[in-house]
Each structure stands twice: as C-alpha cells, then as structure tokens.
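Before any comments, here is the structure.
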Amino acid sequence: MFENKNVLCYICKNLWSHFLSIIMDDAFVFDSHVAGKHFIGREQECRSLANLVSAHENVCIYDAPKTGKTSLIRMALTSLGTSGHGFLVPEMDMTGYRRTDHFLASFVSAILSKTASSPNEYRSIIEEFLPDSVISFDELEYENTGEGVLCRPVVTFEDIAAVLTFPYMYSQSRNLNICFVINEFQNILELPESEKILKTMEEISSRLRTESRFSYIFSGSGLNAMKWIFAYRKFFFRDIVNLPLGTIPEQDVIAHIVGGFRPSGKVIEKELIHRPYQIFRGNMWYLNMMSFFCGARAIGYINDRTITDAIESVITINIPRFRRIVDSLTVYQLSFLKAVLRGETRFSTAEVIERYSLNSSANVKRVKEALMKKEIITFNDKDEAQVIDPLFEFWFKRDVLKDNISLDGTQEKF
C-alpha cells in the first residue's frame, strides 16, 4: 500500500509538472503569431485597423521583423468577423518572388482559393473575368499541388492591368467584401516590372476602390524598402493609410510577464523587467523568448541572475544571424555602423569622415544607402540614425565594439 502511494504521488507530481510546463509554454508565445490574452499593448491599433478595413481603405503596415504585424492584422480581422462583418481575406506572401508571371499567378490564386472550391469553379471564374488573358487553369496541376492557376512567362502592360483589375470586378459582381493581405510586400521591388506594377495598382485603386468592396493591407518587414515605396515614392498617395506600430508600453509588458508566471506559482519583481525591456526596446518577440527561458530555469522566485542568463540565451540563439550580418559588411560599412552606435549625427563632416576613415562625403552617402538597403539601420523623420534590431545593437556594442555599456548608458557587468 505504501509503495502504491509513493507511485501515485510520483505520477501526480510528474503530471503536475507537465501541466505547469504546458502553462508556461502557453504563457509566453514566440514561435507563432499571438491572439487573445497574449495580444497586448496594441488594442488601439487593432481597433483602428478594423475600422479602416470595414471602410474598405487601403492600409500599409511596416516595421522591423518580429514586431507583431501579423498578430495585429489577424486580431483586427478576427474582431471584424466576430462583430458580424463578413470579409474574405485572401493572403499572399511575397518572400522569394522574382518573376512577374509568378506574382500574377499567385495574385489570382490567392483570391480564388477563398471562393472557388472545385476545378470547374476556378475555370469558370477565370473565363468570366480574365478571358483571353495570360492567366489559365491547369486541372492536373491543381490536383497535384493545389495551385492550378498559371501565367504565361511573357506579360504585357495590358496583362498586368487585367489581373490587378480582377479583384475589384469580382468583389463587385459577387457582392463580396474582400481584404487582400499581401505580406512582405517590399519584395515587389525585386520584380523586373515593379515600377509598372506599382503604378498600375495605384491607378486602378484610385479609380475603382470606392465603387467596389475590395481593399489591400500591405505588410512588410523590410522597413526601409516599404518606406521607399510609400513614404519616399508615395505610391498610393492619398489612397492609403499608414498604420504605424508604436512601442508597447512598459507597464503592459510588466503586467503580461508577471501575469504569465502567476499560474505556475513563479514570482518576478516588477522592477526586474525594466532592464530587459530597455535592451529589447519593448520587442515582445524577444521579451517572450526571454520570459520563457526564465520560466524554464526558475523554480519559484525569478531573480536578476535568472533574467541575465535568459537574456544571454536569447543572444546566443541569435549570434549566428548577427555574425552573418557583420560578415556581409565592408570596411566602410562597419565604420559607418560604428559611428552610428557612437552617437554621431553629422556623418559628412570632415571630422567624422577622418575619425572613422569614411574617405569622402560621397562615400558616406553610398555607405549609408547600402546599410539601409541591407535593413541594418534606418533614419527617422528628424534624419536621426537608428539600428533597426535592438538586440543586434546591444550585441554589436558589447561583443564587437567591447563597450560593455547598457542601453541606458551605465556601466554593466553582463
């Protein structure tokens, strides 16, 4: 009887540990988009996006990778669905797109996949809205891969216009609310006909959007490339709303982390969250990852050492990526990055050029543009430089420049 009781206690203890691990896994999500109670700090942006979509406005959302763009879009569209607004949401990811025919085929396929459920329906819709065009349907390809929409390799301006007009005509004809989400939209610049496509999209939208029930959400993690499209070149000017992502307030992050540990009986002092919040600049992907490692290490009380070790784990995971970034830089690019992190602002002055061996003001301009194209630095409205990835900035200062200085400027033994 005594042995059976010990066995029962052992089983219960392990089941309880397993249950707590599930809770911890669920509390700090960093391996997928977040929803529900895990979606924090962007309720106002979520409401704004939902209102814009319901009004059939075009929206662009761009920021650094892993800043919550997908989570925001999905939460806003989910809230629209639960409030009774019926929207079809085709989705397309432009990662790896290099050919215009691939773009056009995927564009049509994304829309049809939400409304057509059989080869006959695919073929019927294409014949109705895109007759005698470069777009065709291959039933065998559809059966083998689920992607039966094809596009001839050689396309004309008329072909591009026909495909980009299709969703407006289709939504109007079928009385459908359609919000087309195109992720990693900055990759459109990699297409040979990118200028032509953007101008055509802009012209068609300005002409047909108000008469139809179709609109776009353009999302991109190429911060500078998306700025170039929508802020510098001003495509869709006056026909699109830029929805910026603000930094999640520290108090919201503190409440999320403290509350996330509570079900497992683990305790963390609120004051201890300030340091990682500053290092990660409020980036929830990094903060959730750090919190997960804290939970995995701590038994009950989470102290400063536990947080330090967790931050180190997050850094270690990302070191190969950071090293690839540094290895891709030229001597001048490394020097310019060093100048940025040293707080320089007047990069073209003779003093800065000499101090960092930047050669000339013309070279400074080329190096600046190269670092922006590589999405390492960006410039705000005041033309102030900033490293896009907060953890890369911290790692570079500490491990490459050997500064041993925290983000708040104090000496830190870390």
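Annotations
- Identity of the residue in the range 51-70, touching a helix residue (DSSP H, G or I) at 6+ places or on another chain (Cβ under 9 Å) and within 18 Å of W285 (Cα to Cα), that ends up most open to solvent (accessible area, probe 1.4 Å): K66
- Any hit, the range 359-374, residues being hydroxyl-bearing (S, T, Y), surrounded by 13 or more Cβ atoms within 10 Å (Cβ to Cβ) and without any contact (Cβ under 8 Å) to a residue 24 or more places away in the chain: yes
- Of the residues making up the range 119-142, none is touching a Lys or Arg at 6+ places or on another chain (Cβ under 6 Å) and either under 15 Å from N183 (Cα atoms) or of a type in the set (D, E) (or both).
- Counted as qualifying within the range 234-339 are the helices (runs of 4 or more DSSP H) with 3 or more residues that are without any contact (Cβ under 8 Å) to a residue 12 or more places away in the chain and loosely packed, with under 13 Cβ neighbours inside 10 Å, namely 304-327.
- Matching residues in the range 188-208 - criterion: being open to solvent by less than 30 Å² (accessible area, probe 1.4 Å) and in a helix (DSSP H, G or I): I188, S194, I197, L198, T200, M201, I204, S205, L208
- Verdict on Q172 being open to solvent by 60 Å² or more (accessible area, probe 1.4 Å) and either of a type in the set (S, T, N, Q) or more than 19 Å from S206 (Cβ to Cβ) (or both): yes
- Flag for H85 being modelled with pLDDT under 90, farther than 30 Å from A310 by Cα, open to solvent by 50 Å² or more (accessible area, probe 1.4 Å) and not small (G, A, S): yes
- Tally, over the range 209-224, of residues that are in a helix (DSSP H, G or I) and surrounded by fewer than 21 Cβ atoms within 10 Å (Cβ to Cβ): 4
- Being closer than 17 Å to V253 by Cβ, out of contact with any Gly (no Cβ under 9 Å at 6 or more places or on another chain) and surrounded by 18 or more Cβ atoms within 10 Å (Cβ to Cβ) is a property that holds for V29.
Residue-wise test of (1) in a loop (DSSP other than H, G, I, E, B); (2) surrounded by 19 or more Cβ atoms within 10 Å (Cβ to Cβ).
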| position | (1), (2) |
| --- | --- |
| G41 | yes, yes |
| L49 | no, yes |
| L72 | no, yes |
| A76 | no, yes |
| G96 | yes, no |
| A110 | no, yes |
| I126 | no, yes |
| D132 | yes, no |
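- If you check T345, T378 for being touching a strand residue (DSSP E or B) at 6+ places or on another chain (Cβ under 9 Å) and under 19 Å from S221 (Cβ atoms), only one passes: T378.
- I229 buried (at least 20 other Cβ atoms within 10 Å of the Cβ) and out of contact with any Asp or Glu (no Cβ under 7 Å at 6 or more places or on another chain): yes
- Qualifying residue in the range 146-162 (condition: open to solvent by 10 Å² or more (accessible area, probe 1.4 Å), among the β-branched types (V, I, T) and in a helix (DSSP H, G or I)): no
- All conditions in (1) farther than 25 Å from A35 by Cβ; (2) in contact with a strand residue (DSSP E or B) (Cβ under 6 Å, 6 or more places away or on another chain); (3) aliphatic (A, V, I, L, M) hold for I299, with the sole exception of (2).
- Screening P119 with (1) exposed (fewer than 15 other Cβ atoms within 10 Å of the Cβ); (2) touching a helix residue (DSSP H, G or I) at 6+ places or on another chain (Cβ under 8 Å); (3) modelled with pLDDT under 95 gives one miss only, at (1).
- Pair list, Cβ under 7 Å, 6 or more apart: the range 383-400 residue closer than 10 Å to I279 by Cα and open to solvent by less than 30 Å² (accessible area, probe 1.4 Å), other residue at pLDDT 95 or above and basic (K, R): P390/R281
- Residue list for the range 22-39, restricted to those being among the charged types (D, E, K, R) and either assigned to a loop (DSSP other than H, G, I, E, B) or free of Cβ contacts under 8 Å to residues at least 60 places away in the same chain (or both): D26, D31, K37
- Residues that are more than 19 Å from V326 (Cα to Cα) and in contact (Cβ under 8 Å) with a residue 60 or more places away in the chain within the range 340-358 are absent altogether.
- Hits in the range 340-358 (condition: in a helix (DSSP H, G or I) and either under 26 Å from the mean Cα position of the chain (by Cα) or surrounded by 13 or more Cβ atoms within 10 Å (Cβ to Cβ) (or both)): V340, L341, V352, I353, R355
- Residues satisfying the stated conditions in the range 280-315, i.e. among the polar types (S, T, N, Q) and either in contact with a Lys or Arg (Cβ under 8 Å, 6 or more places away or on another chain) or closer than 16 Å to H256 by Cα (or both): N283, N288, S291, T306
The values are calculated or read from the model by the stated rules, or taken from the named source; none is laboratory data. All values derive from a computational prediction rather than experimental measurement. Because the Cβ atoms are built from the backbone with ideal geometry, glycine has one as well, and the counts that use them run over all protein chains shown. Areas reflect the complete protein model, heavy atoms only, side chains present, ligands, DNA and RNA absent. Shrake-Rupley method; radii C 1.70, N 1.55, O 1.52, S 1.80 Å.
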